[in-house]
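The values are calculated or read from the model by the stated rules, or taken from the named source; none is laboratory data. Keep in mind the model is a prediction, meaning the values are calculated, not measured. As a convention, Cβ positions derive from the backbone with ideal geometry for all residues, glycine included, and neighbour counts pool all protein chains shown. SASA here: full protein model, heavy atoms, side chains in, ligands and nucleic acids out. Shrake-Rupley method; radii C 1.70, N 1.55, O 1.52, S 1.80 Å.
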Amino acid sequence: KIDIRLDDTYLNGQIKIQRLPKIHTEFDLTVDEINFDKYLTTEEKPPLSPETAAVGATTLPNDLLRSLNGNGKIQIDRLKISGLTIENLIVKGQANDGRIEINPLEATLYGGKYAGMVSVDATKQDTAININTQLDGIEIGPLLHDKTGSDYLKGSGSVKFHLKALGKSMEQLIRSARGDSVITLSK
């Protein structure tokens, strides 16, 4: 069991690690509030979305990805990252010998809903990534204000995004990336 307070953040939950016959980890963690921007300089701002974080994670050696086994859930009530405020973030995932699936990714932000799914297959020589994301009913004005400080646009919008990539390196993944997106702006 975990029950920790760090600065303004309270973390509680459970972690279980089984070592034999192979390492298997299970966790269920809850964080009340965390402000990553407080700890990072402007040059160190992390990626905006879980999807870009997942693409970055594939720069890890496939041997490491293949050694991951387990499942878990992290719930964050309020997260500030890259100037944006995200609430009710739920990340649930599982890993099994190189097959990693993060599903669901859910959150509320700027009056709208976020839902996503990321899968990574590192069982072969080339790592494969599949990303599906949907943002519905996002208030554009407050989002742009928090991200850029501008108040030029108001209204709401939705985004659907699907991407697949395959490669041995980050460069190959980026070159091979194929997908589609639909952006809808209203009001």
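Report the charge-dipole magnitude of the chain in Debye, nearest 20, computed about the Cα centre from +1 at each Lys and Arg Cβ and -1 at each Asp and Glu Cβ. Each step should come with its number before you reach the end.
On the way: 23 positive and 25 negative charges, 113 e Å.
Its charge dipole is roughly 540 debye.
Search the structure for amide H atoms under 5 Å from the amide H of Leu68, placed 1.01 Å from N in the peptide plane, and list their residues when 5 or more places away or on another chain.
Placed amide hydrogens put Asp97, Gly98 under 5 Å from Leu68.
Write down the accessible area per residue of the chain in Å², having rolled a 1.4 Å probe over the full set of protein chains. Each step should come with its number before you reach the end.
Numbers: 11670 Å² over 187 residues.
For the chain, the per-residue accessible area is 62 Å².
I need the peptides 23-36, 173-186 ranked by packing, meaning the mean over residues of other C-beta atoms within 10 angstrom, with the highest value on top.
On the way: 23-36: 15.4, 173-186: 11.6.
The densest-packed peptide leads the list: 23-36, 173-186.
Once R0 is set to 30 Å, what does the formula 1/(1 + (r/R0)^6) return for the Cβ-Cβ distance between Ser82 and Val182, expressed as a FRET efficiency to the nearest 0.05? Each step should come with its number before you reach the end.
Numbers: r = 23 Å, r/R0 = 0.78.
With a Förster radius of 30 Å, E is 0.80.
Quick check on my link table: of Lys16/Lys73; Lys124/Lys168; Lys16/Lys124, which ones sit more than 18 Å apart, alpha carbon to alpha carbon? Don't jump to the answer; show the numbers that get you there.
Values: Lys16/Lys73 12 Å; Lys124/Lys168 10 Å; Lys16/Lys124 29 Å.
Result: Lys16/Lys124 exceed 18 Å.
Normalised by the empirical 2.2 N^0.38 Å for globular proteins, what value does the Cα Rg of segment 70-169 take? Provide the component values of the computation, followed by the final result.
Numbers: Rg = 15.9 Å, N = 100, 2.2 N^0.38 = 12.7 Å.
Taking the Cα Rg and dividing by 2.2 N^0.38 Å, one obtains 1.26.
Over 25 Å between Cα atoms: which of Lys38/Lys187; Lys80/Lys160; Lys113/Lys164 fall into that group?
Details: Lys38/Lys187 34 Å; Lys80/Lys160 23 Å; Lys113/Lys164 23 Å.
Result: Lys38/Lys187 exceed 25 Å.
Based on DSSP H runs of at least 4 residues, each adding -39500 (n - 2.57), what is the mean residue ellipticity at 222 nm of the chain after dividing by all its residues, to the nearest 500 deg cm²/dmol? The partial results should precede the final answer.
Details: 4 runs with 30 residues, N = 187.
That calculation yields -4000 deg cm²/dmol at 222 nm.
Choose one of Ile102, Ile131, Asn62: the residue whose Cα lies farthest towards the positive end of the charge dipole of the chain (beta-carbon charges +1 Lys, Arg; -1 Asp, Glu; about the Cα centre).
Final value for the positive-end residue is Asn62.
Determine, for each peptide in 128-135, 150-157, the mean count of other beta carbons within 10 angstrom over its residues, then list the peptides with the highest first.
Values: 128-135: 19.6, 150-157: 12.5.
The densest-packed peptide leads the list: 128-135, 150-157.
Relative contact order for the chain: what is it in percent, counting Cα pairs under 8 Å that are at least 6 residues apart? Kindly include the intermediate steps, with their values, before the conclusion.
Numbers: 435 pairs, mean separation 25.3, N = 187.
The normalised contact order for the chain reaches 14 percent.
I'd like the Karplus ³J(HN,Hα) series for segment 161-175: coefficients 6.51, -1.76, 1.60, θ = phi - 60°, whole numbers in Hz, and an x wherever there's a Gly or Pro.
9, 9, 9, 10, 8, 8, x, 8, 9, 4, 4, 5, 4, 5, 5
Suppose R0 equals 25 Å; then what is the FRET efficiency for Gln18 and Lys124 from their Cβ-Cβ distance, rounded to the nearest 0.05? Please report the intermediate quantities before stating the final value.
Numbers: r = 27 Å, r/R0 = 1.06.
Here the calculated transfer efficiency is 0.40.
Kindly write out, for segment 120-131 in residue order, the coupling ³J(HN,Hα) from the Karplus curve 6.51 cos²θ - 1.76 cosθ + 1.60 (θ = phi - 60°), rounded to whole Hz, with x marking Gly and Pro.
Whole-Hz 3J(HN,Hα) from phi for segment 120-131: 10, 10, 10, 7, 10, 4, 8, 7, 10, 10, 10, 10.
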